[in-house]
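Enquirer: Handing you a structure now.
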Amino acid sequence: MDEVAEVVERCARTAKRAAPSLAAATDEVVDGALARMAERLVSGRGEVLEANESDVARARGEGMSAGLLDRLTITPQRLDGMAEQLEILAGAPHRARSIDVSTLDGGLRLVERRRPVGVIGANYEARPNVTVDVASQLVKSRNAGVLRTGSAALGSAQRLREVVIAPALADSGIDPAVVQLVPRVEREAAAALVRLPGLVPLVILRGSGDSTRELAREAALHGVGTLAHADGGGVLYIDAAADAGKVRELVSASLDRLGVCNRLNLLLIHEGAHEAVWPSVEEALAERGVTPSLAPHEHALGYEWALDSEREATVTVEKVSGLAQAVEIANEQTSGLAAGIATEDPAAADAFFDGYTGTGVFWNAPTRLLDGFKLLAVPETGINLDRVPGPRGPVTYTDLHVRQYAVLPA
């Protein structure tokens, strides 16, 4: 394991040495590099899809569940979507590097400057598209990066770096070493990444709850900051004033993909509306091939089905006495990712919005919308659920900076 840690540290040192070439790049150079990534993703699609097919075939042979296989797979359509997102990111505005704040006594001026973090790490599992999402966000924010993915997606990630990311950076005059990919599959590589505060002061953590929480604790012990996405699961409360037709649409739209964090996980139904809306709910669940888990439950109400490889096509259903109980359950027994209310009563919607403390809240809209691209029109590095000041919700390039105050002559 010392060898694995040495490999990770070598990647971090390489990224740090290369970081100045990206930090000093102009907006035009950065956006040009992202546009070239989009071009190379399309022109190199055969190589990328071939590598991904090998990853998928190996994972299928090892018994990976259907939901995880779906996350691992890059289809031609998804590849085109990845290229489109790169093009959109290339055209997105850059945040101002400095902002005038105020004038101080003595003829001085206070300016707030936004600076890159330097090197940002990222640990994520079997989702090769995240390699492009994170790398592009780091480039846009002028941060070097050390990426570590799980063994299932490593082949796809390596091909994406070799065929798309590195050559696009080089073509733009940016040192391609600014984006490093850890070439080891051992889990110890993830732990090593969060133990390098002098090289990688911030690590983005995405993955299953327990492993991500463990990495976050390890990072805290070593003075490394994290933006962690450990838990998910969307909640929908069906109010007494809900429209049954809209409920059916919401349930169906919330389950279009099962292996994602923002899918419908827990359905809370007002006991006074249950008889009227249940036929619509049953139809929507059947349409998606999803089984309801009904009371009495042998699991926690907030149990995240997307992480259960054997039973991911499940939604927990619970009757509640009213809005107050629904809010309490959503706040206290779920991850706090996202919750929605189905109702035609604006007062009920307002009360739900005021009561729910999670990251995203929705009225007659699916929690699947809690996504950087769907909400903000740019890819995300992950969804941060922290309940403290700082970037919360979908984290994008606009969040990946540190603040510096500068005082200078007026």
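The values are calculated or read from the model by the stated rules, or taken from the named source; none is laboratory data. Keep in mind that this is a model prediction, so the values were computed, not measured. Positions of Cβ are generated from backbone atoms using ideal geometry, with glycine treated the same way; all protein chains shown enter the neighbour counts. Side chains included, ligands, DNA and RNA excluded: accessible areas come from the protein's heavy atoms. Shrake-Rupley method; radii C 1.70, N 1.55, O 1.52, S 1.80 Å.
Enquirer: For the stretch 302-356 and the stretch 377-402, compute the distance between their C-alpha centroids and round to whole Å.
Expert: Between the Cα centre of the stretch 302-356 and that of the stretch 377-402, the gap is 23 Å.
Enquirer: Just how large is the dipole of the stretch 208-286 about the Cα centre, in debye to the nearest 20, putting +1 at every Lys and Arg Cβ and -1 at every Asp and Glu Cβ? Don't jump to the answer; show the numbers that get you there.
Expert: Working: 6 positive and 12 negative charges, 62 e Å.
Result for the stretch 208-286 is approximately 300 debye, rounded to the nearest 20.
Enquirer: Let me ask another. From the phi angles alone, apply the Karplus equation (6.51, -1.76, 1.60; θ = phi - 60°) to the stretch 382-388 and give each ³J(HN,Hα) in whole Hz, x where the residue is Gly or Pro.
Expert: Couplings: x, 10, 8, 9, 4, 9, 10 Hz.
Enquirer: Using only the heavy atoms of the protein chains and a 1.4 Å probe, how would Ile88, Ile269 rank by accessible area, largest first?
Expert: So the residues, ranked largest to smallest area, are Ile88, Ile269.
Enquirer: For Ser156, Ser98, Ser21, write out the residues from largest to smallest accessible area, computed with a 1.4 angstrom probe and no ligands counted. Write out the running numbers ahead of the final one.
Expert: Working: Ser156 0, Ser98 65, Ser21 45 Å².
Descending order: Ser98, Ser21, Ser156.
Enquirer: Amide H to amide H under 5 Å from Ile238: which residues, 5+ apart in sequence or cross-chain, H placed 1.01 Å off N in plane?
Expert: For Ile238, whose amide H was placed from the backbone, the distant partners under 5 Å are Leu268, Ile269, His270, Ala342.
Enquirer: For Glu249 and Ala347 in the same chain, what is the full-extension length gain: residue separation times 0.36 nm, less their Cα-Cα distance, in nm?
Expert: Extra length available between Glu249 and Ala347 comes to 33.1 nm.
Enquirer: Could you give the nm distance between label points at Arg97 and Glu28, where each point is 7 Å from its Cα heading toward the beta carbon?
Expert: Inter-label distance under the simple model: 1.4 nm.
Enquirer: Ok, one more. By per-residue mean of other Cβ atoms within 10 Å, what is the highest-first order of 383-396, 349-362?
Expert: Averaged packing, sorted descending, gives the order 349-362, 383-396.
Enquirer: Go through the stretch 21-35 residue by residue and turn each phi into a ³J(HN,Hα) via Karplus (6.51, -1.76, 1.60, θ = phi - 60°); whole Hz please, and just put x for glycine and proline.
Expert: These are the phi-based 3J(HN,Hα) values: 5, 7, 4, 8, 5, 6, 4, 5, 5, 4, 5, x, 5, 5, 5 Hz.
Enquirer: For a quick check: with amide H placed at 1.01 Å from N, whose amide H comes under 5 Å from Leu227's, ignoring anything fewer than 5 positions away on the same chain?
Expert: Val203, Ile204, Leu205
Enquirer: On C-alpha positions alone, give me the angle between the axis of helix 323-332 and the longest principal axis of the chain, in degrees, nearest 10.
Expert: 40 degrees
Enquirer: Taking θ = phi - 60°, what integer Hz values does the Karplus form 6.51 cos²θ - 1.76 cosθ + 1.60 yield along the stretch 201-210, in sequence order, with x for Gly and Pro?
Expert: Residue by residue, the stretch 201-210 yields x, 9, 10, 8, 10, 10, x, 5, x, 4 Hz.
Enquirer: Moving on. Match the structure shown to one of the listed values [x] 21.1, 68; [y] 20.6, 63; [z] 22.5, 72 of Rg and Dmax of the Cα atoms in Å, computed from it, and give that label.
Expert: [z]
Enquirer: A further question on this structure: Taking the chain as a Gaussian network, Cα atoms linked when under 10 Å apart, which of Ala122, Ala220, Ala295 shows the biggest mean-square fluctuation?
Expert: So, out of Ala122, Ala220, Ala295, the one fluctuating most is Ala295.
Enquirer: Turning to a different aspect of this structure: Using just the helices of the chain, give the 222 nm mean residue ellipticity in deg cm²/dmol: DSSP H runs with n ≥ 4 each add -39,500 (n - 2.57), and the total is spread over all residues, rounded to 500.
Expert: -13000 deg cm²/dmol, from helical runs alone.
Enquirer: Okay, moving on. Quote to one decimal, in nm, the extra length available between Arg387 and Arg60 on full extension: 0.36 nm per residue of separation minus the C-alpha distance between them.
Expert: That pair, Arg387 and Arg60, stretches by 113.9 nm at full extension.
Enquirer: Long-range amide H contacts for Val200: which residues qualify at under 5 Å (H placed 1.01 Å from N, peptide plane, sequence gap of 5 or more or a different chain)?
Expert: Residues meeting the amide H criterion: none.
Enquirer: How tilted is helix 346-355 with respect to the longest principal axis of the chain? Cα atoms for both, answer in degrees (0 to 90, nearest 10).
Expert: 50 degrees
Enquirer: Between 0 and 90 degrees, rounded to the nearest ten: what's the tilt of helix 274-288 against the longest Cα principal axis of the chain?
Expert: Helix 274-288 and the main axis of the chain meet at about 50 degrees.
Enquirer: Related question: Sort 205-211, 101-107 by the packing proxy (mean of other Cβ within 10 Å over each peptide's residues), most packed first.
Expert: Ranking the peptides 205-211, 101-107 by packing returns 205-211, 101-107.
Enquirer: Leaving out same-chain residues fewer than 8 places away, which aspartates and glutamates sit with a Cα under 15 Å from that of Lys140?
Expert: Counting by Cα, and skipping residues close in sequence, Lys140 has these aspartates and glutamates nearby: Asp27, Glu28, Asp31, Glu87, Asp175, Glu380, Asp399.
Enquirer: With +1 on the Cβ of every Lys and Arg and -1 on the Cβ of every Asp and Glu, and nothing else charged, how large is the dipole of the chain about its Cα centre, in debye rounded to the nearest 20?
Expert: 1660 debye
Enquirer: Alpha carbon centre of the stretch 52-72 versus the stretch 163-221: separation in Å?
Expert: 23 Å
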